[in-house]
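J.: The structure under discussion is supplied below as structure tokens; questions concerning it will follow.
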């Protein structure tokens, strides 16, 4: 039985968590499938961006508690985390299209993505403390990278649940769109990244991620310059400049 679906659309890999009867919980079989899918995607030069969503009616309702209890300890937890950590660690740009509930460890899937698009029915529910377990998988750190500290505390410590429009307001989601437009919106956005030169997109994403280490304006110039110099020698930029020169000379 498969727990993940992969579709390729114009350079975009659309990954659907596909265990709807269990509301797409993060299980060990799902993590193993995602691991293999990412090996395939990242080696496929035609893929330039990734969109993640869940099979209706939910995005992901958390971790499989039986897997957590059976695994135990650090190694067991890391095996459960393996699936969503592939989203966190991929060099390709990622978008989460959040349809319905994202609960507990299910939120870790979307928090691992670069950009979050919420459907109006989206529900963000941290819930770790409510079931007597500490947050895991980088949950609080990743949430803090998407939104402000007070929102993280409200959701994690005080069990506040927020919906799609509120997620947009507090910055947890980039946009909130109607449910019937959600996937098309996310894919359309992902196509823009996929249309750019793949290696340039990968290098630029790394540059953005690594800005955490930059503390001054002078460092920011040094941080970007090598990638910019490299890109100026690549065929896409050289061709663009040559075409501009031809257009100018023909006038």
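Values in this text are rule-based calculations from the coordinates and carry no lab data. None of the values given here were measured: they were computed from a predicted structure. Counting neighbours? That spans all protein chains shown, and the Cβs are built from the backbone with ideal geometry, glycine included.
J.: State the volume of the convex hull built on the alpha-carbon positions of the chain, expressed per residue in Å³ and rounded to an integer.
T.: 159
J.: Okay, next question. Between residue 2 and residue 230, 0.36 nm times their residue separation minus their Cα-Cα distance comes to what?
T.: Length gained between residue 2 and residue 230: 77.9 nm.
J.: Further question on the same structure: Once each part is reduced to its C-alpha centroid, what is the distance from segment 190-251 to segment 31-77 in angstrom?
T.: Computed from Cα coordinates, the inter-centre distance equals 31 Å.
J.: Please report, in whole Å, how far the alpha carbons of segment 60-200 spread along each principal axis, starting with the longest.
T.: Cα spread of segment 60-200 along its principal axes, largest to smallest: 43, 33, 27 Å.
J.: If I model a spin label at residue 181 and residue 39 as a point 7 Å from the Cα along the Cα→Cβ vector, what separation in nanometres do I get?
T.: With each label placed 7 Å out from Cα toward Cβ, I get 4.0 nm.
J.: Run the simple label-point estimate for residue 214 and residue 199 please: 7 Å along Cα→C-beta, distance reported in nm.
T.: For residue 214 paired with residue 199, the spin-label model returns 2.2 nm.
J.: Can you give the relative contact order of the chain as a percent, counting alpha carbon pairs under 8 Å and 6+ residues apart?
T.: That works out to 17 percent.
J.: In which sequence would 214, 221 go, from the one with the fewest C-beta neighbours within 10 Å to the one with the most?
T.: Arranged by neighbour count, lowest to highest, 214, 221 become 221, 214.
J.: Suppose only helical runs count, i.e. DSSP H with n ≥ 4. What mean residue ellipticity at 222 nm does that imply for the chain under -39500 (n - 2.57) per run, divided by all residues and rounded to the nearest 500 deg cm²/dmol?
T.: When only DSSP H runs of four or more count, the value is -15500 deg cm²/dmol.
J.: Bin by bin, in steps of 10 Å, what percent of the Cα pairs in segment 117-192 do you find, going until the bin that has the longest distance?
T.: So the P(r) values, bin by bin, are 20, 45, 28, 7, 0.
J.: Fewest to most neighbouring Cβ within 10 Å: what's the order for 149, 129?
T.: Ascending Cβ contact count within 10 Å gives the list 149, 129.
J.: Quick one, what does Rg over Rh come out to for segment 198-249 if you take C-alpha atoms and the Kirkwood Rh?
T.: So for segment 198-249, dividing Rg by the Kirkwood Rh gives 1.13.
J.: Between residue 248 and residue 169, what is the spin-label point distance in nm, taking each point 7 Å from the Cα along the Cα→C-beta axis?
T.: 5.0
J.: For segment 86-128, what are Rg and Dmax over the alpha carbons, in angstrom?
T.: 10.4, 30
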